[in-house]
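Right, one structure below, let's go through it.
The values are calculated or read from the model by the stated rules, or taken from the named source; none is laboratory data. Quantities reported herein were computed from a predicted structural model and do not represent experimental measurements. Because the Cβ atoms are built from the backbone with ideal geometry, glycine has one as well, and the counts that use them run over all protein chains shown.
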Amino acid sequence: MRQRVPAVLLLLATFLGGYGYGRWYARDPSVVSAQAVVAASVGSAQGVRQILYYHCPMHPAYKSDKPGTSPCCHMALEPVYADEASAAPGANVTGALHLTPQQQQLVGLQYGTAEYAPASRYVRGVGRVGVNEKRVAHIETRLEGWIDKLFVGAAGEAVTQGQVLFTVYNRKPVTTQMEFLHAMDVRMAAVMAGASASPGQLADADALLTAAKQRMDALGFSDAQMEAIGRSHQPVWKVPVVAPIAGTVTEYHALQGQMLTPGTVLTIADLSTVWVTADLAGVEAAAIRPGQAATLRAPFFPGRTFRGTVDTILPQLDAVTHRLAVRLQFDNPDRLLRPEMYGEIELRTSAARRTLTVPGEAVVDSGRSQTVFLDLGDGYVEPGEVTTGERFGDRVEIVRGLAAGQRIVTSGNFLLDSESRMRLGR
């Protein structure tokens, strides 16, 4: 009896050792892979789809040899079949990701293509409204006298061309007007004499009249006023000062009975067109040319857009901001735009060339590199590094890394980028 006990113990130890070795050996990945390959080949021969492994639908990098839930997101693991893994076009591409239609819908994946588009973009900035300095008149008097009567009461009043603004009383212009009328009489006599006049008589009369006109002009008399004085053949004691242009009085320095000295009395600005000055960064202003269309939106007029053109690009940078000033011209027939108003200007740069572009959201920019995801088909996408250029609205230029017509992912890229980096161990 004592001899049989050691034999039973030896048999039990042998059984336990063999069982443990089998369990340990089965954990070896190479043995598992070999068994999976054998099972796949047997299953293929029998016409049954064989499962290679299970993976997480949200994190395909996680694999398991049995069904269950993912420890990452607690989603049910999905099987990967042998025929799918061998037939997939992107299965052997480093960093490629595979997403089922359900996963693509969950991530919000959308696709687009790289295509050529006009190299134009919108430039925006803040503009300040000012007067058109080409349509400004400074009313000055060359007489030392008194303002006899004012016909304009204050700044802001509208005047028409030729309208009398005020009259000036001074005795000196009367003498000059008498000389002018005398010169006109001398010339008229020379003309009436005709052939009986001496050869130099008409020439002397013309010279005398020209000199008289020059003295009248020096006192501020216009050609129309001289013509009126000549028709009436009477001097005026109160010299009228008229508006040379139509517009709005922007400066007013006149009082009834004020003694005048040479200088500016009134300033008139034609506000039917205005200038808008905007400060732009040098890289933005470099693409702007005179004549380009521009729009202005002022907070004073919600929902209204004013249209104008680029007039001049000023040659000097601002000493403080180092920005370049661009002057634009806007038609203002209703006089709604007034000096010192502010608004947002928008310009579209010229599109003289076409360049390869993709939607801006298709590019994942890490700061050091730019990446897009290429569509390989059948749910596979692959990250590809690109070099970007300028941005044109909602599209960005691709300098290197893509060809025209290539399909790319345009939405959901950041989730794909995170998964791709995790899979590659970055």
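I'd like the residue in the range 357-366 that is out of contact with any helix residue (DSSP H, G or I) (no Cβ under 6 Å at 6 or more places or on another chain) and at pLDDT 85 or above and, out of all such residues, is surrounded by the fewest Cβ atoms within 10 Å (Cβ to Cβ).
365
Hey, among 265, 274, which residue is touching a residue at least 60 places away in the same chain (Cβ under 8 Å) and under 30 Å from residue 392 (Cα atoms)?
274
Being over 16 Å from residue 99 (Cβ atoms), at pLDDT below 75 and hydrophobic (A, V, I, L, M, F, W, C) is the filter here, so list the residues in the range 46-71 that pass it.
Matches in the range 46-71: 48 only.
Residue 224 fails exactly one of the following numbered conditions: (1) at pLDDT 85 or above; (2) closer than 29 Å to residue 272 by Cβ. What is the number of that condition?
(1)
Kindly establish whether residue 378 is among the charged types (D, E, K, R) and on the phi > 0 side of the Ramachandran plot.
yes
Which of the residues that make up the range 208-266 are loosely packed, with under 13 Cβ neighbours inside 10 Å and in a strand (DSSP E or B)?
259, 263, 264
Restrict the check to the range 323-333 and report whether at least one residue is assigned to a loop (DSSP other than H, G, I, E, B) and modelled with pLDDT of 90 or more.
Yes, that holds for at least one residue.
Taking residue 257, is it on the phi > 0 side of the Ramachandran plot and modelled with pLDDT under 85?
yes
Looking at 174, 191, can you tell me which residue is more than 59 Å from the chain's Cα centre (by Cα), part of a helix (DSSP H, G or I) and within 27 Å of residue 265 (Cα to Cα)?
Only one candidate qualifies: 174.
Restricting the search to the range 243-264, which residues are farther than 12 Å from residue 168 by Cβ and either touching an Asp or Glu at 6+ places or on another chain (Cβ under 7 Å) or among the β-branched types (Val, Ile, Thr) (or both)?
Within the range 243-264, 245, 246, 247, 248, 249, 250, 263, 264 meet the criteria.
Can you find a residue in the range 281-301 that is surrounded by 18 or more Cβ atoms within 10 Å (Cβ to Cβ), touching a helix residue (DSSP H, G or I) at 6+ places or on another chain (Cβ under 9 Å) and either within 30 Å of residue 172 (Cβ to Cβ) or among the small types (Gly, Ala, Ser) (or both)?
The answer is no, given that none of the residues of the range 281-301 is surrounded by 18 or more Cβ atoms within 10 Å (Cβ to Cβ), touching a helix residue (DSSP H, G or I) at 6+ places or on another chain (Cβ under 9 Å) and either within 30 Å of residue 172 (Cβ to Cβ) or among the small types (Gly, Ala, Ser) (or both).
Being modelled with pLDDT of 80 or more and among the aliphatic types (A, V, I, L, M) narrows it down to one of 155, 195, so name that one.
Matching residue, one of 155, 195: 155.
What number of residues within the range 355-394 satisfy the criterion of being within 25 Å of residue 124 (Cα to Cα) and touching a residue at least 60 places away in the same chain (Cβ under 8 Å)?
Number of matching residues: 10.
Please determine, by comparing only the residues of the range 79-118 that are modelled with pLDDT under 75, in a helix (DSSP H, G or I) and not hydrophobic (A, V, I, L, M, F, W, C), which one is surrounded by the fewest Cβ atoms within 10 Å (Cβ to Cβ).
Once the filter is applied, the top-ranked residue is 86.
Please go through the range 334-353 and pick out each residue that is among the hydroxyl-bearing types (Ser, Thr, Tyr) and not in a loop (DSSP other than H, G, I, E, B).
342 - this is the single residue of the range 334-353 that is among the hydroxyl-bearing types (Ser, Thr, Tyr) and not in a loop (DSSP other than H, G, I, E, B).
Residue 302 fails exactly one of the following numbered conditions: (1) at pLDDT 90 or above; (2) in a strand (DSSP E or B); (3) out of contact with any Pro (no Cβ under 6 Å at 6 or more places or on another chain); (4) more than 21 Å from residue 116 (Cα to Cα). What is the number of that condition?
(2)
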